[in-house]
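The values are calculated or read from the model by the stated rules, or taken from the named source; none is laboratory data. Here the structure is a predicted model, which means the values were calculated and not measured. Note that we place each Cβ from the backbone using ideal geometry, even for glycine, and neighbour counts take in every protein chain shown. With ligands, DNA and RNA removed, areas are computed over all heavy atoms of the protein, side chains included. Shrake-Rupley method; radii C 1.70, N 1.55, O 1.52, S 1.80 Å.
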Amino acid sequence: MTQTGHPELTNVRQPEEILRMKDVNELVNGFRRFQKRYFSENRALYEHLTRQGQSPKVMIVACCDSRVDPAIITDSDPGDLFVVRNVANIVPPCEIGGGYHGTSAALEFAVSALGVSQLIVMGHARCGGIRALLDDLPEATRATGFVTPWMSIVTEARDGVRAVFPGPASEARYRACEQAAIRVSLRNLMGFPFVQEAVESGRLTLHGWYFDLERGELLCHSAATNAFEVAVARI
Ligand SMILES: [Zn+2]
């Protein structure tokens, strides 16, 4: 790439500089592989998505965790999933005014503008956000203090599992809290008027999923039992 000549773009990192950064270099090489294989082989799909715009039927609220990419887990294609990822895959309560409501904005866009018909809150095993809620926060996050108030949205999940699993930390308690937090998010979803309306009119279905990355299993929340039941067992 040559110099652009635009003074306002002089701070833009040039490809040569990017290539000096080994970890990013791996990603650039990955993009080349994607371009050569996936993009080239699916050119018609990208042309369709470019021309027609996106019309995903599914929204997924997932965790930022690097191990739980929804598109990889569900073997989805571009255009299939509208995804918002945040720490511990939390849906906050519907709060009007104040603050910057990134997750709420994504929900509003998916439900009201795109008209998705399925909305999945997907938690997972070994969630760092849930561990921070149950244990002590990592030292590095204490000074700025963004994680604590964010995780306080699911305080009732923590308090509930501490009552059921008293004593020292255990994997069972973490797992129960990861799943309890999904229930809180499902309830919070119904606090958004546009979600409630879409659900009650039958246009939208809510789902709670739990990806067990240790066992390679998918569990789904059962409205009948309020439990997470194995939907796809380990192989
Ligand atoms: Zn997580």
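Of the residues ALA169, ALA125, only one is in contact (Cβ under 8 Å) with a residue 24 or more places away in the chain and open to solvent by 40 Å² or more (accessible area, probe 1.4 Å); which?
Details: ALA125 fails: open to solvent by 40 Å² or more (accessible area, probe 1.4 Å).
Answer to the check: ALA169.
Looking at segment 81-133, which of its residues are under 30 Å from GLU171 (Cα atoms), more than 16 Å from the ligand (Cβ to nearest atom) and assigned to a strand (DSSP E or B)?
LEU119
I'd like the full set of residues that are modelled with pLDDT of 95 or more, of a type in the set (Ser, Thr, Tyr) and farther than 23 Å from THR74 by Cα, limited to segment 87-132.
SER104, SER112
If we keep just the residues of segment 51-80 that are within 15 Å of the chain's Cα centre (by Cα) and away from the ligand (no atom under 16 Å from the Cβ), which is most open to solvent (accessible area, probe 1.4 Å)?
Residues of segment 51-80 that are within 15 Å of the chain's Cα centre (by Cα), as a first pass: 58-74, 76, 80.
So of that shortlist, the ones also away from the ligand (no atom under 16 Å from the Cβ) come out as 58-59, 71, 74, 76, 80.
On the way: VAL58: 33, MET59: 0, ALA71: 43, THR74: 44, SER76: 31, ASP80: 65 Å².
This residue is ASP80.
Which one of these does PRO78 not meet: (1) touching a strand residue (DSSP E or B) at 6+ places or on another chain (Cβ under 8 Å); (2) in a loop (DSSP other than H, G, I, E, B)?
(1)
When segment 87-122 is examined, which residues are found to be more than 20 Å from LEU204 (Cβ to Cβ) and either of a type in the set (Ser, Thr, Tyr) or under 16 Å from the mean Cα position of the chain (by Cα) (or both)?
Quick first cut of segment 87-122, residues more than 20 Å from LEU204 (Cβ to Cβ) only: 87-88, 95-100, 102.
Within segment 87-122, VAL87, ALA88, TYR100, GLY102 meet the criteria.
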